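Working notes, structure below.
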Amino acid sequence: MVQNFLPRYTLGSDAFSKIHEVVSPYGNKVCLLYGEKAFNASKDKLLPYLKDLEIVHQEVYGKEASYANIDRISANEDVKKADVLIGIGGGKCLDVTKMVGDRLGKPVFTIASIASTCAAVTKISIIHNDDGSFKEVYRLKNVPIHCFIDPDIIVSAPEKYFWAGMGDTMAKHVESVFSSKNDILDFESSYGVTVSRLCYEPILEKGEKAYEDVKKHLSTPEVEDVIKSIIIATGSVSVSVNPDYNSALAHALYYGLTVREWMERKHLHGEIVSYGTLVQLLLDEQYDELRRVYDFNREVRLPVCLKDLDLEKDDPLDDVLDATIINPELNHIPYPITKQMVKETILKLEDYQ
């Protein structure tokens, strides 16, 4: 039996007004897990709508989506008493909340405080070590029941998260189309790859305007459309396609670049991935799409060259390329990609205008 659960969500400045209606059928005892900044940004609007639910436990999830934090929260007796979990925050907080729900067999609801990833609606948790380094991708039993998105909260967050989210989201389309290219797709994967265009076209068409609005803390139709691309469209692809189609060279190169231990301290995930998208498009000789994405990146100041990632053109990048080529994101691609191919493409991109 095929069971596929697409994201259910409520988006709008009054999104929280639906919380009791949506959550209460699953129980009235609630555990809140959150990032401190996210909770402070949302509590004035959120808490009045939780008054008819019993909050049996609440706490800051920690700083990392690590097993140490997941184990600690899962062992808490008050958390075990909750009927439902509500996560409030960015990707790491929501990944912890989803993992705790998975461990304890409790339904999870999410409140996205930033638009940088699709973590609020996906069936995976990205697990890190306590020092912040990547550990693994954990596949969950279920997706969150429902996601609540208040764009007023998202536009009040630092605009860099929205900016990087656009870069990461466009990669979903480029990578899913590429990695599934030579396959006969089942319905779910065909659906997901088709939907992936909504991770791409709205951002190319409206992303520059949306980003300018976010910098002014304005919630506009363009901002809402890009939020839907970042969270909902990308999440729909993630939960629909064969896992082999969720990533390709753009993310493999991201993991390769992060072997430089300072890379993630100075640059955001989606920012780095957006550079990898350009490399993948150029390597695959998709010149028309390369032109579009390159021009967009340049307009919004996403990376277009090594210098934008604090790397030098003459850097041999051997450690980066070695890690890229062995990354599992390249396990299922339409043709072999070698270290030399990636290196030559990076150098070609340096001269692209």
Problem set entry | Members of region 213-248 that are out of contact with any helix residue (DSSP H, G or I) (no Cβ under 7 Å at 6 or more places or on another chain) and closer than 14 Å to Ile154 by Cα | Lys216, Pro221, Lys228, Ile231
Exercise. Asp183 passes all but one of (1) under 20 Å from the mean Cα position of the chain (by Cα); (2) farther than 23 Å from Ile272 by Cβ; (3) not hydroxyl-bearing (Ser, Thr, Tyr); which number fails?
Worked result: (1)
Exercise. Given (1) closer than 25 Å to Gly89 by Cα; (2) buried (at least 20 other Cβ atoms within 10 Å of the Cβ), where does Asp152 come up short, assuming only one miss?
Worked result: (2)
For this session: Return the only residue of Ile203, Ile230 being assigned to a helix (DSSP H, G or I), touching an Asp or Glu at 6+ places or on another chain (Cβ under 8 Å) and surrounded by 24 or more Cβ atoms within 10 Å (Cβ to Cβ).
Result: Ile230
Exercise. Within region 233-242, how many residues are crowded, with 24+ Cβ neighbours inside 10 Å and either not hydroxyl-bearing (Ser, Thr, Tyr) or not in a helix (DSSP H, G or I) (or both)?
Worked result: 4
Exercise. Applying the selection to region 110-127, what residues are buried (at least 23 other Cβ atoms within 10 Å of the Cβ), under 19 Å from Tyr138 (Cα atoms) and either of a type in the set (A, V, I, L, M, F, W, C) or in contact with a Lys or Arg (Cβ under 7 Å, 6 or more places away or on another chain) (or both)?
Worked result: Cys118, Ala119, Ala120, Val121, Ser125
Problem set entry | Residue check for Tyr9: within 23 Å of Pro151 (Cα to Cα), surrounded by 15 or more Cβ atoms within 10 Å (Cβ to Cβ) and either modelled with pLDDT of 95 or more or touching a Leu at 6+ places or on another chain (Cβ under 6 Å) (or both) | yes
Exercise. What is the number of the single condition among (1) more than 23 Å from Lys43 (Cα to Cα); (2) surrounded by fewer than 19 Cβ atoms within 10 Å (Cβ to Cβ) that Val143 does not meet?
Worked result: (2)
Exercise. Which one of these does Asp213 not meet: (1) more than 14 Å from Val223 (Cα to Cα); (2) modelled with pLDDT of 95 or more?
Worked result: (1)
Exercise. Any chance region 79-97 includes a residue that's free of Cβ contacts under 8 Å to residues at least 40 places away in the same chain, over 20 Å from Thr117 (Cα atoms), out of contact with any helix residue (DSSP H, G or I) (no Cβ under 6 Å at 6 or more places or on another chain) and assigned by TED's automatic domain parsing to the domain that holds Lys123?
Worked result: yes
Exercise. Is it true that Val273 is touching a Phe, Trp or Tyr at 6+ places or on another chain (Cβ under 7 Å), under 26 Å from Leu185 (Cα atoms), buried (at least 24 other Cβ atoms within 10 Å of the Cβ) and modelled with pLDDT of 95 or more?
Worked result: yes
Seminar exercise, completed: Those residues of region 337-346 which are farther than 17 Å from Thr277 by Cβ and in a helix (DSSP H, G or I) amount to Lys339, Gln340, Lys343, Glu344
Exercise. From the residues in region 279-300 that are within 23 Å of the chain's Cα centre (by Cα) and free of Cβ contacts under 8 Å to residues at least 60 places away in the same chain, which one is surrounded by the fewest Cβ atoms within 10 Å (Cβ to Cβ)?
Worked result: Asp295
For this session: Name, by its number, the condition in (1) part of a helix (DSSP H, G or I); (2) in contact (Cβ under 8 Å) with a residue 40 or more places away in the chain that does not hold for Glu212.
Result: (2)
Problem set entry | Residues of region 215-227 satisfying the condition of being part of a helix (DSSP H, G or I) and either small (Gly, Ala, Ser) or farther than 27 Å from Asp95 by Cβ (or both) | Lys215, Pro221, Glu222
Exercise. Given the structure, is Glu36 over 23 Å from Leu11 (Cα atoms), surrounded by fewer than 17 Cβ atoms within 10 Å (Cβ to Cβ) and not assigned by TED's automatic domain parsing to the domain that holds Leu268?
Worked result: no
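The values are calculated or read from the model by the stated rules, or taken from the named source; none is laboratory data. This one's a predicted model, so the numbers in the text were calculated from it and none came from an experiment. So basically every Cβ, Gly included, is an ideal-geometry build from the backbone, and we count neighbours across all protein chains shown.
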